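Step one of this worksheet: look at the structure below.
The values are calculated or read from the model by the stated rules, or taken from the named source; none is laboratory data. Bear in mind the structure is a predicted one, so any value in this text is a computation, not a measurement. Here the Cβ positions follow ideal geometry from the backbone for every residue, glycine too, while neighbour counts run over all protein chains shown. Accessible surface areas use protein heavy atoms only, side chains included; no ligands, DNA or RNA. Shrake-Rupley method; radii C 1.70, N 1.55, O 1.52, S 1.80 Å.
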Amino acid sequence: MTRRIFLPALSVLVPALLMALWWALSAQSTSIFFPPLSTIWETFKELWLFDLVGEHVVPSLYSVLVGLGISIVIGVSLGIILGLNEVVATAVGPLLQFMRYLPAVAMLPLAIQLMGIGPDMRVLIVVLGALWPVLLNTIDGVRGVHPALKDVARSNRLRPSDWVLRVVVPSAAPQIFAGIRASLAVSVILMFASELLGASQGIGYFILQAQRQFSLPEMWSGMILLGIIGYLLNVIVMFVERYALAWHHQSRS
């Protein structure tokens, strides 16, 4: 019980102490590039609670969530197929490796030319980058199904659909969620990059415009907001994972 209370308290205490230290050390700052945290906080409240949420936060969240959702669906589905079928995996392996090492950001100019600077282009860029952690982790998870489970399924003559849904997917689920967490971080990064080069809305666009106008408190407030959004999205994914894999965590405890 003490550990359950101590660890969450520690995760709150350390960031709070760091913020207090930043507040104190920056209080007398006269640098245009590093304004006092108190100034950044006032700007943050003025802009993001909640005047610019609809204009900049909602488009950014749309790109991340839709792009990540599409990546999960494609990555898990394709990963199960490739994990179960070695022939198909071998045939498409070189193409997957080529696409994997082609940075999604490098596709931005082409995506802008083909699709403009709308939300569909930003979703596409997120999918091109966020797909791979889910896909590769799913393949590894499917291939890592214990041989004993395969023998049990074969002896009980499980139908292919039952084999996949009741054995393969649950067994691979821990690695699938690991891939989703990695893809979430990639999604936020690519959302930000796509908004820097091809957007008229979004947090990345706001930060870039603030930097160009030398509105440094506004720029810092956007950066802090981006970190907060990424942290909250990660917390949500962790709660979903803990609920979906409760059986897995109990077996390890």
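Do you know the relative contact order of the chain, to the nearest whole percent, from alpha carbon pairs under 8 angstrom that are 6+ apart? Please report the intermediate quantities before stating the final value.
Working: 248 pairs, mean separation 61.1, N = 253.
So the answer I get is 24 percent.
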Listed residues Leu196, Leu108, Phe50: farthest to the positive end of the dipole of the chain (Cβ charges): Leu108
For segment 132-253, the fraction of alpha-carbon pairs in successive 10 Å shells from zero, as %: 12, 29, 24, 16, 12, 6, 1
Total charge dipole magnitude, the chain, about the Cα centre, Cβ charges on Lys, Arg, Asp, Glu only, Debye to nearest 20: 1040 debye
Karplus-derived 3J(HN,Hα), 6.51/-1.76/1.60, for each residue of segment 79-90, Hz, glycine and proline x: x, 5, 4, 6, x, 8, 10, 5, 5, 5, 4, 5
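Probe of 1.4 angstrom, ligands and nucleic acids ignored: what's the accessible area per residue over the chain, in square angstrom?
Averaged over the residues of the chain, the accessible area is 60 Å².
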Lys/Arg +1, Asp/Glu -1 at C-beta; segment 1-154 dipole; positive extreme among Phe34, Val134, Ile70: Val134
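Residues with beta-carbon under 14 Å from that of Leu233, excluding Leu233: net charge, scoring Lys, Arg +1 and Asp, Glu -1?
0
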Segment 1-72: C-alpha gyration tensor shape, a/c 1.5 cut-off, then a/b vs b/c: oblate
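Lys and Arg at +1, Asp and Glu at -1: add these up for the other residues within a Cβ distance under 12 Å of Gly198 and post the number.
Values: positive: Arg122; negative: Asp120, Glu195.
So the environment of Gly198 carries a net charge of -1.
Quick one: with all protein chains in place, what share of the accessible area of segment 82-187 is carbon or sulfur, to the nearest percent (1.4 Å probe)?
65 percent
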Net charge, Pro160 excluded, C-beta distance under 12 Å - Lys, Arg +1, Asp, Glu -1: +3
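Using the Cα gyration tensor of segment 148-203, with a ≥ b ≥ c the square roots of its eigenvalues, what is the shape: rounded (a/c below 1.5), prolate (a/b larger than b/c) or oblate (neither)? Please report the intermediate quantities before stating the final value.
Working: a/c = 7.02, a/b = 3.94, b/c = 1.78.
Taking the square roots of the gyration eigenvalues as a ≥ b ≥ c, segment 148-203 is prolate.
When the expected Rg is taken as 2.2 N^0.38 Å, what fraction or multiple of it is the alpha-carbon Rg of segment 61-171? Walk me through the numbers before you get to the answer.
Numbers: Rg = 17.0 Å, N = 111, 2.2 N^0.38 = 13.2 Å.
My calculation over the Cα atoms of segment 61-171 gives 1.29.
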Ranked by how many other beta carbons lie within 10 Å on average, peptides 110-120, 179-189 from highest: 179-189, 110-120
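State whether the chain is rounded, prolate or oblate according to the following rule on the C-alpha gyration tensor (a ≥ b ≥ c being the square roots of its eigenvalues): a/c under 1.5 gives rounded; otherwise a/b larger than b/c gives prolate, and the remaining case gives oblate.
Details: a/c = 3.12, a/b = 1.56, b/c = 2.00.
Cα axes put the chain in the oblate bin.
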